[in-house]
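The values are calculated or read from the model by the stated rules, or taken from the named source; none is laboratory data. Treat the numbers as computed from the prediction; the structure is a model and nothing was measured. Here Cβ is always computed from backbone atoms with ideal geometry, including for glycine, and neighbour counts include all displayed protein chains. When the accessible area is computed, the model is the full protein with side chains, heavy atoms only, and any ligands, DNA or RNA have been set aside. Shrake-Rupley method; radii C 1.70, N 1.55, O 1.52, S 1.80 Å.
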Amino acid sequence: MANESRGERGDFVPGGAKGVRRDKVDEKASAVTSAHTRTMTTEGTTSFSPVDYVKPQDGGRDDADGRARIVDRATMRRLGRSASGVSSLRDTVRAKGGREKAPAAPANMRAVVIVIVVVALLVTVGAFFLFRNALSSMNDAAVTQSSAVYATDAYVVLAVTDDDGGLADAYVAYVDSIGDRTELMELSPTTADKTQAAQGDAGVPDGARTLAAVWSDGGAEALGETIADLGGVDVKLTLTVTSAQMAQILDLAANPGSSTDLTALATEIAQANEGEQGATASAVHGMLVTIRDIGPDGYLMHDEPADDVNVGSEPMKVLRDQEWRTELRGMRNTGEDVSE
């Protein structure tokens, strides 16, 4: 009974290679098995389990119940390393063949890609520096047009010209955006460019000239520097305005219902003072807006602390040094003792 069962499972040929089973199979199965079997020498002959072959008609199912036959570990150890690696070797060879068939990227294409990447990096870096410089320029512009340069919270000289271009009047202004004050002091064009302290009495200081003469010789810059030296203060900006423009500024300060067009007035003054430090339409407009917002409640006009003196037939005003300096500095520091 045992022999018959063994015969049905397959006979072993005496003297044959150990481990080689001679199964009785039909011709079709035998041909398929032969096609997928590698025969070597009797020493080290290997056999492949039918599980390595996937039949198209049944989707790779070898058992009657449709389950694939699995090679156990003992069989794999018996078959050896060469047999267990054939399937992976076959896949590797197939994959290698596929890679060999794939076209390689031409060298010139790689060079083009490298050039494109480099150009993109350069453009990105350049854009970064341009953007940073633009921000820096905007920041610098904002700093230069701070409250001081915007003609607010700083001493500003307004030179009023007549029809002939001479100096008709001069104003020292301090527009305080923090303390809500607009303070002005009118200086006559006949005011001397030296104070009483320079002479020691109420007479005309030696070599004194009028502000009109200073204006005629050096223009707005010379006038601003002279007034700054007389008062011992820092004049940030000197603007040239016409009599009509000055009248609009005074109306803006004293009249809460002023109809002055701030934008138009600022543009006109800025165009007439083009090239002066800080004399932009934005700077002038900022000063005018502040004056309007402060209104008449914070507006104050100071009298010129000077003595009238005749120089021959020509009148001249000589500033009383101590009083002038105290009043001028008080326009900026209202809460402090500015007397010397």
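Go through region 112-164 and report how many residues are open to solvent by less than 40 Å² (accessible area, probe 1.4 Å) and modelled with pLDDT of 70 or more.
12
Do we find a residue being within 18 Å of Val172 (Cα to Cα) and open to solvent by 50 Å² or more (accessible area, probe 1.4 Å) anywhere in region 302-312?
Looking for residues that are within 18 Å of Val172 (Cα to Cα) and open to solvent by 50 Å² or more (accessible area, probe 1.4 Å), one finds at least one in region 302-312, hence yes.
Please specify each residue of region 198-211 satisfying the condition of being open to solvent by 30 Å² or more (accessible area, probe 1.4 Å) and over 16 Å from Glu304 (Cα atoms).
Within region 198-211, Ala198, Gln199, Gly200, Asp201, Val204, Asp206, Gly207, Arg209 meet the criteria.
For the list (1) under 30 Å from Thr152 (Cα atoms); (2) out of contact with any strand residue (DSSP E or B) (no Cβ under 6 Å at 6 or more places or on another chain), I need the number of the one condition that Pro189 fails.
(2)
Quick one: how many residues across region 246-277 are within 27 Å of Ala222 (Cβ to Cβ), in a loop (DSSP other than H, G, I, E, B) and open to solvent by less than 40 Å² (accessible area, probe 1.4 Å)? I'd like the intermediate steps shown before the answer.
Restricting attention to region 246-277, the residues satisfying the condition of being within 27 Å of Ala222 (Cβ to Cβ) are 246-250, 253, 265-277.
This time we only want the ones that are in a loop (DSSP other than H, G, I, E, B), so: 273-277.
If we keep only those that are open to solvent by less than 40 Å² (accessible area, probe 1.4 Å) as well, we get 273.
Total satisfying the criteria: 1.
Taking the stated definitions as given, is Ile291 at pLDDT 90 or above and closer than 15 Å to Asp176 by Cβ?
The answer is yes for Ile291.
Is it fair to say Thr226 is open to solvent by less than 30 Å² (accessible area, probe 1.4 Å) and out of contact with any strand residue (DSSP E or B) (no Cβ under 6 Å at 6 or more places or on another chain)? Walk me through it before giving the result.
Working: open to solvent by less than 30 Å² (accessible area, probe 1.4 Å): yes; out of contact with any strand residue (DSSP E or B) (no Cβ under 6 Å at 6 or more places or on another chain): yes.
Judged against the criteria, Thr226 is a match.
Regarding Thr280, is this residue of a type outside the set (Gly, Ala, Ser), surrounded by 16 or more Cβ atoms within 10 Å (Cβ to Cβ), over 22 Å from Asp162 (Cβ atoms) and modelled with pLDDT under 95?
yes
Only one of Ala283, Ala270 is within 17 Å of Val175 (Cβ to Cβ), free of Cβ contacts under 8 Å to residues at least 60 places away in the same chain and not charged (D, E, K, R); which?
From the options Ala283, Ala270, the qualifying one is Ala270.
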